[in-house]
Amino acid sequence: MTLSELTLQHSRDLSALDAERRRELDRVDADRQEALHAVAAARPPLTAFDTASSEAAATRDTAFAQARTVFDAALTDARSARSSDVAASQKKYLGADEAADAAKTAARRKAEADYQSRLDEIGRTLALDKQFAAREAAFEARQKAIAAADAAWLDALQENRAQQHDDVQAALDKERRLDEQAANKRDAALKAADVVYQQAIKIARTRLAAALAAIPDAARVQEQFDARRGEVERDFQQREEQLFDAFRAALKQVAPSA
């Protein structure tokens, strides 16, 4: 067995032992409750404890449900805001593209109109021997104007795409921030509700312990089961130490320097 396999097996053994310990302690506590309920004088404080525990749990569960409902609503609002922002970005992006297309078309038409106007001017004002060079220069000017219009159009499209990407990313970042804020509020509400619950249970247990201590038969039951619980704890502590001893021994076989 390798070191990693040995460590994994040790972790599994400890987890299994802890699960067994918790089951045994739960059994002791269940038996304790049954024995205490058999004591007539102990039933009223036990009933009061059960009632207080149920009410505290109900209050906690209601607070939990409310916190989760608020959280779900916040997530829905965040998704809706993101969808709205993305839709607005898309509309703006399409509008900017249409404006770029229109600007390119207008620039191309102007270049063509200027070219035709120059050709007419050349035909009216220049001698034939000078018209060829002038027409060539006019054509080159037309081509440059068209190239400039196309380049400006392409730059505008790229800028539009970059802006759309930034807008969409901003919408996603906003949704993430809203989600995180909602999760933090939910967690804080859950933690606060659990603290209130634990405090209520602690108070109820203190009252129950005081009431049972004043009842001789119940006090004897408590002593008996406290002793039984102690035996269980000591037994599992010993078994855990044995697991660690076996693990250390196995480690020396796998890695003598360990």
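Since every read-out is calculated from the coordinates, none of them should be taken as a lab result. Not measured: the values here are computed from a predicted model. Glycine gets a Cβ as well: all are built from the backbone with ideal geometry, and neighbour counts include every protein chain shown.
What FRET efficiency do you get for Val196 and Asp101 if R0 is 45 Å and r is their Cβ-Cβ distance, rounded to the nearest 0.05?
Using R0 = 45 Å, I get an efficiency of 0.10.
Just subtract the alpha-carbon distance of Gln158 and Ala57 from 0.36 nm times their residue separation and send over the number in nm, one decimal.
So the chain would gain 30.5 nm between Gln158 and Ala57.
Using the Kyte-Doolittle scale, find the helices of the chain whose mean hydropathy is at least 0.5 and whose Cα atoms extend 20 Å or more along the helix's long axis, counting only whole DSSP H runs.
Answer set is empty.
Need the full-extension length gain, Glu20 to Gln143, defined as separation in residues times 0.36 nm minus the C-alpha distance. One decimal, nm.
My answer for the length gained is 35.6 nm.
Just tell me which lysines come within less than 21 Å, Cα to Cα, of Lys185; anything on the same chain fewer than 8 places away is out.
Result set, ordered by chain and number: Lys174.
I need two numbers for the stretch 1-78: Rg to one decimal and Dmax as a whole number, Cα atoms only, in Å.
Cα only, the stretch 1-78: 21.8, 60 Å (Rg, Dmax).
Any lysines with Cα under 26 Å of the Lys130 Cα? List them, leaving off those in the same chain fewer than 8 positions away.
In chain and number order, the partners are Lys110, Lys144.
Shape of the chain from its Cα gyration tensor (a ≥ b ≥ c, root eigenvalues): rounded if a/c is under 1.5, otherwise prolate when a/b > b/c, or oblate?
oblate
For the stretch 160-191, which trypsin sites (Lys or Arg not before Pro) pass both filters: DSSP loop (anything but H, G, I, E, B) and at most 10 other C-beta atoms within 10 Å? Mind showing how you got there, number by number?
Values: sites: Arg161, Lys174, Arg176, Arg177, Lys185, Arg186, Lys191; in loops: none.
Those that pass, being in a loop and sparsely packed, number zero.
Roughly how many Å is it from the Cα centre of the stretch 79-115 to that of the stretch 1-54, as a whole number?
Each part reduced to its Cα centre gives a spacing of 69 Å.
For Arg239 and Thr7, what does the FRET efficiency come to when R0 = 25 Å and r is the distance between their Cβ atoms, rounded to the nearest 0.05?
Efficiency at R0 = 25 Å is approximately 0.85.
Tell me, how many Å apart are the Cα centres for the stretch 140-163 and for the stretch 178-235?
74 Å
Return the Cα extents of the stretch 81-127 along principal axes one, two and three, sorted largest first, each rounded to a whole Å.
Cα spread of the stretch 81-127 along its principal axes, largest to smallest: 69, 7, 6 Å.
If you take the beta carbon distance between Arg135 and Leu94 as r and set R0 to 35 Å, what does 1/(1 + (r/R0)^6) give as a FRET efficiency, to the nearest 0.05?
Once the sixth-power term is evaluated, E becomes 0.30.
In terms of the Cα gyration tensor, with a ≥ b ≥ c the square roots of its eigenvalues, is the stretch 66-210 rounded because a/c is under 1.5, prolate because a/b exceeds b/c, or oblate?
Here the stretch 66-210 falls in the prolate category.
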